[in-house]
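Asks: A single structure is presented below for examination.
Quick note: the coordinates plus some simple rules give every number you see, no bench work behind them. Since we're looking at a predicted model, the values are computed, not measured. A quick note on method: Cβ atoms are made from the backbone with ideal geometry, for glycine too, and the neighbour counts reach across all protein chains shown.
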Amino acid sequence: MKTKPLALEHPLPLAVRPAEHLPATSDWSFELIETYHRTIRATAERFGLDTYPNQLEIITAEQMMDAYSSSGMPVNYRHWSYGKEFISTEKNYKRGHMGLAYEIVINSNPCISYLMEENTLAMQALVIAHAAYGHNSFFKGNYLFRMWTDAASIIDYLVYAKNYVAACEDKHGLETVEAFLDSCHALSNHGVDRYRRPSRKSLAQELSERIDREEHAQRQVNDLWRTLPRALHKEGAAPEAKRFPDEPQENLLYFIEKNAPLLEPWQREIVRIVRKVAQYFYPQRQTQVMNEGWATFWHHKLLNTMYDDGFLTDGVMIEWLTSHTNVVYQPPVGHRGYSGFNPYALGFAMYTDIQRICEAPTEEDRAWFPDIAGKPWLPVLDHAMRNFKDESFIGQYLSPKLMRDFRLFAISDDEKQADYEVSAIHDDAGYKRVREALSRQYDLGSREPNIQVWNVNLRGDRSLTLRHFQHNDRPLHDSGQEVMKHVARLWGFGVHLESSNAKGDVTKRFSVPAPS
Amino acid sequence: MQQIIDRRLAGKNKSIGNRERFLRRHKEQIREAVKRAIDGRGIRDVERGEDIHIPKKDLTEPVFGHGQGGVREVVHPGNQEYVRGDKIERPKGGSGGGSGKGQASDQGESEDDFVFALSKEEFMQVFFDDLALPNLVRTQLAEMPEWKSHRAGYSNDGTPNNLHVVRSMRGALGRRIALGNAPRRELHEMEARLAEMQAALQPGDAVAEAAIKELAEEVRLLRARIERIPFLDPIDLRFRNRVKVPVPTSKAVMFCLMDVSGSMDEARKELSKRFFILLYLFLTRHYEKIELVFIRHHTQAQEVDEENFFHARETGGTVVSSALVLMEEIIKSRYNPSEWNIYGAQASDGDNWHHDSGRCRVWLSEKILPLVRYFAYVQVAEEEQNLWDEYMHLTAAHKNFAMRKAVEASQIYPVFRDLFKKEGAKAA
């Protein structure tokens, strides 16, 4: 086997220049895909891309829509929201409002990439380079994925989840399970551990532990709630003195799974399933720019190298480049098609820019990036891919040149001011501020409200109090009230949410009484 | 290590279960929509899908998010003219440019409805649910008519029992001629030449003898070649081709009789419409061609088109027998009972001029029931009046008469129970 992963200093040379181009028909066949794949793999190896084994699956457009609507996974438990997703995807596709993505790739081992049968041969080559080598190496290399997800067991786990939910539906009724899943989904963004690494378990372990877990969990819950008010006269003082939990907890679903008084074992298991799935997707939400940028950079690099080496015809080149150009288009603000940053465009530009800084640094680059200017580009890029997430990646590598190219500017929106103010633009005075602002924009911590478990009234009405720590005085959306209804359903007793500002003063409360 | 797997044939329709869950969740809205659609459609085009609108707010899955306010700093690309410190007017009542979430377009706050198409099957399912049809009847209505196979020309392959011997032999003969004629002609020429040479042969002429021998050998080979042409070859075979065609063959006419006097309000008419639709659906399964005749009546009866039948407003008293008289006239003039299967469906609120009800009974039992296959009466009101009483006398004497009271859609089906039982053979 190969001894990896030591990033190559420089790309390896081409072994043999081919006598002729690879066939360039428009229709693909299995042999042709095989041929292209072999060449792409050989090229990727020359750049030292380290990937999981690849499994390419040919699917129909309809199957692509199926995969689309169950968050890209080949199996998942059943829920109406996936049905909704499917119906709207299908409708848009049939009316021609949208093309389907060319590819879906699953962070699993082996790494599964879907190729749609409608694609032409050139597009299949693009997808293989993009998904099976770009995304795949990112999944394997990036620290967030290494730490938070377990590629080897996710498919098995989802199969288990699907069967478990189906069994619950049989036993407890479709509507009960569905309502419960709705409530869990409402909190799924708050069901991840941000700082603690989850333990890796195989499916077999997961199953064998389930029974133990159910008993153990119930015992713990019983312990917690057994404390009858021993001395009634102290009641007024006691809750003030000691909170439960001692420290605020950020993983709401975990707290509910372990401590909610009335949940039945199957309900705790479903909370756990939703939590696990949310945890699996957590890294993806934090690495959109890096991940898509990386895959785009590599399909561009690999296919161009293959062209230079004489594998690809002009026709194939033009075809995939057309699609590449569309993918990396960034409409400017005010444009009809503008809806924020295009992660493909930003990520692709950044990796390309890093290579430029390594190979042909300007004085400005040397001043901003002394560590990497003039160094071999492959190891630098590899390092950048492995050790960052969007927020830190942008904070570290967004160069002044790129800010000028994109013509970035920051707008500050302060509730107390009548107008927006342009706080920084792409000039010497503004580079740092623009970069910081953009980096913050990709920080999940500031994108999503910071809500934690604050207190449980152990002695009295058993109500649960959550606390929202405002970021820059940004209030909670009114839909919070709806979410709290779901929290109440999970908790089983009254729930409160206090929204507190920087000074620690509570500025707004949401309350939902105990469900009857 | 690397693998390419063809998944195209595996696991289609994985989302069906999710779609069903979605439909179940929005059952109420869908039922409403189907109801509205039924009321708006003609009896003949009930069997179609329908677009269902569901307000977006009923579909949202709430999550904690940031609201308006506080301090934010958002970076945008494509600066044209701004420099630091420029003021930009705050857009009125909305989140300013891009909402700071990176991608706002697909979650925008637009209040459009979520629209999707209910397939024909799903539509009928909801309709049947409303009518509380038993399962057996559902399958009976939902399934395609039976098929009968018809001969349609010949084909090159098929099963031995469909082999057409004459055609096959004719083909074989043609092939044998086509393949054998040229060599046979050549053979004849050569034989003639051989005979000539043998006749002219001088004894001891070694050269001529060798030539004869050579020619004889050629003749032998050619003969063998001709003999090798098979008598019957697989390509000669012809089979009778059969295609399947739907069974319903005869024609039917369905009379819809409805009271449109002042006491029939919209709700009662809608109920009546479902009653007619159900009979129509039943008939479409059994007859190739169905004509509809609409007769509405108050004190007088008239034949109208469907639009006027359901939607025109009339007032006044009620003389039910007028409609029956008109029905009989129409049968006599246009639908000869020996050619047509005649079905009658009458809906009324039971209100009738009291001297008239007796005449209705007589007219029905003597003139109409002998002509029709089935006559169903639905009273869309609760109270029993004299028409109901008179009709009650008919049920015992005539097997092809059925009557029922229905004040909601689910009560309509029982009136047809006998009809479905009889025609549905093994019905429950």
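Asks: What percent antiparallel are the DSSP beta bridges of the protein assembly as shown, to the nearest 5? Show your work: numbers first, answer last.
Replies: Working: 49 of 93 bridges.
About 55 percent, rounded to the nearest 5.
Asks: Alpha carbon centre of the stretch B:59-81 versus the stretch A:50-74: separation in Å?
Replies: Spelled out, the Cα-based centre of one part sits 32 Å from the other.
Asks: Which whole number gives the average, over all residues in A:269-279, of C-beta atoms from other chains lying within 10 Å of the residue C-beta?
Replies: Numbers: counts 0, 0, 0, 0, 0, 0, 0, 0, 0, 0, 0.
The mean count of partner-chain Cβ atoms within 10 Å per residue comes to 0.
Asks: If you take each beta carbon of peptide A:63-72 and count the beta carbons of other chains within 10 angstrom, what is the mean? Write down the numbers at each step before the final one.
Replies: Numbers: counts 8, 0, 2, 7, 2, 1, 4, 3, 0, 0.
Shielding by partners across A:63-72 averages 3.
Asks: Report, ordered by chain and residue number, the aspartates and glutamates lying within cross-link reach of residue B:120, taken as a straight Cα distance under 15 Å and ignoring same-chain residues fewer than 8 apart.
Replies: B:20, B:45, B:47, B:50, B:51, B:129, B:143
Asks: Give, as ranges by residue number, the residues of the stretch B:349-393 whose backbone N falls under 14 Å from the point 7 Å along Cα→Cβ of residue B:267.
Replies: Inside the label zone: B:380-383.
Asks: Computed FRET efficiency, Cβ-Cβ of residue A:118 and residue B:353, R0 60 Å: what is it to the nearest 0.05?
Replies: Values: r = 69 Å, r/R0 = 1.15.
FRET efficiency, residue A:118 to residue B:353: 0.30.
Asks: Please compute, for the alpha-carbon atoms of the protein assembly as shown, the extent along each of the three principal axes and give them in descending order in Å.
Replies: Answer, in whole Å and largest first: 127, 106, 63 Å.
Asks: For an R0 of 51 angstrom, estimate the FRET efficiency from the Cβ-Cβ distance between residue B:148 and residue B:362 and round to the nearest 0.05.
Replies: On the way: r = 42 Å, r/R0 = 0.83.
The calculated FRET efficiency here is 0.75.
Asks: While we're looking at this one, here's another question. Using a 7 Å offset from the Cα along the Cα-to-Cβ direction at both residue B:32 and residue A:45, what is the distance between the two label points in nm, to one decimal?
Replies: 6.3 nm
Asks: While we're here: Do the alpha carbons of any pairs in A:242/A:276; A:91/B:27; A:94/B:27; B:14/B:244; B:289/B:405; A:416/B:56 sit beyond 28 Å of each other, and which pairs?
Replies: Working: A:242/A:276 31 Å; A:91/B:27 20 Å; A:94/B:27 24 Å; B:14/B:244 32 Å; B:289/B:405 30 Å; A:416/B:56 32 Å.
Violating the 28 Å limit, Cα to Cα: A:242/A:276; B:14/B:244; B:289/B:405; A:416/B:56.
Asks: Under a point spin-label approximation (7 Å from Cα along Cα-to-Cβ), what is the residue B:159-residue B:303 distance to one decimal in nm?
Replies: 4.8 nm
Asks: With the radius of gyration and the Kirkwood radius both derived from the Cα set of the stretch A:449-512, what is their ratio Rg to Rh?
Replies: Details: Rg = 11.5 Å, Rh = 11.9 Å.
Ratio of gyration radius to Kirkwood radius: 0.97.
Asks: Report the trypsin sites (Lys or Arg not before Pro) located in the stretch B:181-269 that are in a DSSP loop and have at most 12 other Cβ atoms inside 10 Å of their Cβ, or state none.
Replies: Filter output for the stretch B:181-269: empty list.
Asks: In a GNM of chain B with a 10 Å cut-off on Cα contacts, which of B:113, B:356, B:389 has the highest mean-square fluctuation?
Replies: In this elastic network of chain B, the residue with the biggest mean-square fluctuation among B:113, B:356, B:389 is B:113.
Asks: At a Cα cut-off below 13 Å, give the aspartates and glutamates reachable from residue B:57, other chains included and same-chain residues fewer than 8 away excluded.
Replies: List returned: A:482, B:109, B:111, B:112, B:113.
Asks: Okay, which of the stretch A:377-419 sit inside 15 Å, backbone N to the point 7 Å along the Cα-Cβ direction of residue A:335?
Replies: From the stretch A:377-419, the list is A:405-409.
Asks: So, in nm, how far is label residue A:71 from label residue B:119 when the simple model puts each one 7 Å beyond its Cα toward the Cβ?
Replies: Result for the modelled spin labels: 2.7 nm.
Asks: I've got another one for you. Normalise the Cα radius of gyration of chain B by 2.2 N^0.38 Å (N = residues in it) and let me know the number. If you can, show how the numbers build up before the last one.
Replies: Numbers: Rg = 39.6 Å, N = 428, 2.2 N^0.38 = 22.0 Å.
Taking the Cα Rg and dividing by 2.2 N^0.38 Å, one obtains 1.80.
Asks: By a straight-distance test (C-alpha under 13 Å), which aspartates and glutamates pair with residue A:140 as possible cross-link partners, with residues fewer than eight away in the same chain excluded?
Replies: Here the aspartates and glutamates satisfying the reach criterion relative to residue A:140 are A:50, A:150, A:382.
Asks: Now for a different question. So if R0 is 35 Å, what FRET efficiency would residue A:450 and residue A:179 give, r being the distance between their Cβ atoms, rounded to the nearest 0.05? Provide the component values of the computation, followed by the final result.
Replies: Values: r = 27 Å, r/R0 = 0.78.
Step by step, r from the Cβ atoms, then E = 0.80.
Asks: What is the extension gain from residue B:56 to residue B:235, computed as 0.36 nm multiplied by their sequence separation minus the C-alpha to C-alpha distance, in nm to one decimal? Could you put the intermediate results ahead of the total?
Replies: Values: separation 179, 0.36 × 179 = 64.44 nm, distance 6.37 nm.
Gain on extension, residue B:56 to residue B:235, equals 58.1 nm.
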